[in-house]
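I have placed the structure first, in the form of structure tokens, so that the comments after it can refer back to it.
The values are calculated or read from the model by the stated rules, or taken from the named source; none is laboratory data. The structure displayed is predicted, hence computed values, not measured ones. Cβ coordinates were reconstructed from backbone atoms using ideal geometry, including for glycine residues, and neighbour counts include every protein chain displayed. Just so you know, the surface numbers come from the protein's heavy atoms only, side chains and all, with ligands and any DNA or RNA stripped out. Shrake-Rupley method; radii C 1.70, N 1.55, O 1.52, S 1.80 Å.
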Amino acid sequence: MNQIAEQIRQYILSKNPEISTLDNSTDIFEQRLIDSLQFVEFILHIQEISGVTIEIETIDIDNFRTIDALQAYLNSEMESAIA
């Protein structure tokens with residue numbers, strides 16, 4: 001999962017060349033690192049790198065605010081898929 005977190009970090013950094021680091025607890029929406037127009041592209045990227053299907057209708061935005069929250073969400077979804 002750390003590899004996925006790092007890929008997410010690199011994706012966000014690539015969209016925001018004015019910053020060079022991103023902490024796992026940084027609120028990416030509050031800091032305006034991903035805006036509403038970029039969010040769909042962000043979701044598609046997460047699906048691609050994680051293999052987890054994210055249903056747009058059931059998204060809880062709090063699961064995507066930080067890399068830590070996103071990691072927890074993806075872990076939960078992966079565990080549910082296995083069970």
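Restricting attention to the stretch 60-71, the residues being surrounded by 13 or more Cβ atoms within 10 Å (Cβ to Cβ) and either within 16 Å of Gln3 (Cβ to Cβ) or not small (Gly, Ala, Ser) (or both) number 8. What do you reckon, is Glu30 in a loop (DSSP other than H, G, I, E, B) and either of a type outside the set (Lys, Arg) or out of contact with any Asp or Glu (no Cβ under 9 Å at 6 or more places or on another chain) (or both)? Spelling it out, Glu30 is indeed in a loop (DSSP other than H, G, I, E, B) and either of a type outside the set (Lys, Arg) or out of contact with any Asp or Glu (no Cβ under 9 Å at 6 or more places or on another chain) (or both).
Being in contact with an Asp or Glu (Cβ under 7 Å, 6 or more places away or on another chain) and either aliphatic (A, V, I, L, M) or closer than 18 Å to Ser76 by Cα (or both): is that true of Asn24 here? In short, yes. Flag: Ile43 does not match the condition of being at pLDDT below 95 and not small (Gly, Ala, Ser). Just one of the listed residues (Glu48, Glu30, Glu57) is modelled with pLDDT under 95 and open to solvent by 90 Å² or more (accessible area, probe 1.4 Å), namely Glu57.
Scanning the stretch 41-83 for residues that are among the acidic types (Asp, Glu), more than 12 Å from the chain's Cα centre (by Cα) and part of a helix (DSSP H, G or I) gives Glu57, Glu77, Glu79.
When the residues of the stretch 1-27 are filtered to those that are closer than 15 Å to Gln71 by Cα and of a type in the set (Ser, Thr, Tyr), the one that is most open to solvent (accessible area, probe 1.4 Å) is Ser25.
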